[in-house]
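Participant: This is the structure I have questions about; it appears just below.
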Amino acid sequence: LAGHGVNDSSGVYYFLPVNADTDRLKRTGVAFSDIKNTVASLAGKAVLFVDTCHSGNVMGTRRGIADIAGIVNELASAENGAVVFASSKAGVALEDAAWGNGAFTRALVEGIRGQADYTGKGKITVNMLDLYLSERVKELTKGRQTPTTTKPHTVPDFPVAVTR
């Protein structure tokens, strides 16, 4: 998912499609519960990339504080779990016309095209991509944006891209 995201007055994260109306979030936005239910229903390993403002809150909130552990436990209880890469722990996901994307999406594209292949073996794993995104987004944004990745403990490191 790449675009905009907001939290409603009770802290529920909504992804905003192009026709979203923030005054009618329940009707025009996509609630986190819908995203979570879709990801949890997928067979096999699931990887979700979220590049939106407040994407760190895609994990859900309780009393204004991200309840990452609760959502990770729900996703980990699915047969294979899910890995979630989010563009920002909190706040704004930065964009720049020179990048052609947000910082996170630019770093993600670079990473899966080979920059995250730290071993040179043509495979990029979850852990390699996590490291690349973390460092590259901070570099692009001069430390103003910090991405986050959550991976259930039950899910081992596995390849997410092949470069050869």
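The values are calculated or read from the model by the stated rules, or taken from the named source; none is laboratory data. Values in this document were obtained by computation on a predicted structure and should not be read as measured data. Counting neighbours? That spans all protein chains shown, and the Cβs are built from the backbone with ideal geometry, glycine included. Calculation scope for accessible area: heavy atoms of the full protein, side chains included, ligands and nucleic acids excluded. Shrake-Rupley method; radii C 1.70, N 1.55, O 1.52, S 1.80 Å.
Participant: So, of the residues in the range 120-139 that are of a type in the set (S, T, Y) and assigned to a helix (DSSP H, G or I), which turns out to be surrounded by the most Cβ atoms within 10 Å (Cβ to Cβ)?
Facilitator: Once the filter is applied, the top-ranked residue is Y132.
Participant: For the range 101-119, give me the residue count where each residue is of a type outside the set (D, E) and in a loop (DSSP other than H, G, I, E, B). Talk me through it step by step, then tell me what you get.
Facilitator: Step one: list which residues in the range 101-119 are of a type outside the set (D, E), which gives 101-109, 111-116, 118-119.
Next cut, in a loop (DSSP other than H, G, I, E, B) only: 116, 118-119.
Of the residues in the range 101-119, 3 are of a type outside the set (D, E) and in a loop (DSSP other than H, G, I, E, B).
Matching residues to (1) under 15 Å from the mean Cα position of the chain (by Cα); (2) surrounded by 17 or more Cβ atoms within 10 Å (Cβ to Cβ); (3) closer than 25 Å to E95 by Cβ:
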site	(1), (2), (3)
G5	yes, yes, yes
D8	no, no, yes
G11	no, no, yes
F15	yes, yes, yes
N19	no, no, yes
T22	no, no, yes
N37	no, no, no
S41	no, no, no
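Participant: Here is a check on your reading of the model: is A46 touching a strand residue (DSSP E or B) at 6+ places or on another chain (Cβ under 8 Å) and either modelled with pLDDT of 80 or more or not hydrophobic (A, V, I, L, M, F, W, C) (or both)? Can you show your working first?
Facilitator: Numbers: touching a strand residue (DSSP E or B) at 6+ places or on another chain (Cβ under 8 Å): yes; either modelled with pLDDT of 80 or more or not hydrophobic (A, V, I, L, M, F, W, C) (or both): yes.
Against the criterion (touching a strand residue (DSSP E or B) at 6+ places or on another chain (Cβ under 8 Å) and either modelled with pLDDT of 80 or more or not hydrophobic (A, V, I, L, M, F, W, C) (or both)), A46 qualifies.
Participant: Kindly indicate whether any position in the range 142-151 is surrounded by fewer than 19 Cβ atoms within 10 Å (Cβ to Cβ), assigned to a helix (DSSP H, G or I) and in contact (Cβ under 8 Å) with a residue 24 or more places away in the chain. Walk me through how you get there before you give the answer.
Facilitator: Kept after step one, since they are surrounded by fewer than 19 Cβ atoms within 10 Å (Cβ to Cβ), are these residues of the range 142-151: 142-144, 146, 149.
Those still in the list that are assigned to a helix (DSSP H, G or I) too: none.
Checking the range 142-151: not a single residue is surrounded by fewer than 19 Cβ atoms within 10 Å (Cβ to Cβ), assigned to a helix (DSSP H, G or I) and in contact (Cβ under 8 Å) with a residue 24 or more places away in the chain.
Participant: Which of the residues that make up the range 1-38 are over 24 Å from N101 (Cβ atoms) and either basic (K, R) or in a loop (DSSP other than H, G, I, E, B) (or both)?
Facilitator: Answer for the range 1-38, where residues must be over 24 Å from N101 (Cβ atoms) and either basic (K, R) or in a loop (DSSP other than H, G, I, E, B) (or both): D8, S9, S10, G11, V12, D21, R24, K26, R27, K36.
Participant: Inspect all residues belonging to the range 71-94 and state whether any of them is touching a Gly at 6+ places or on another chain (Cβ under 9 Å), modelled with pLDDT of 90 or more and open to solvent by 30 Å² or more (accessible area, probe 1.4 Å).
Facilitator: No, there is no match, as no residue in the range 71-94 is touching a Gly at 6+ places or on another chain (Cβ under 9 Å), modelled with pLDDT of 90 or more and open to solvent by 30 Å² or more (accessible area, probe 1.4 Å).
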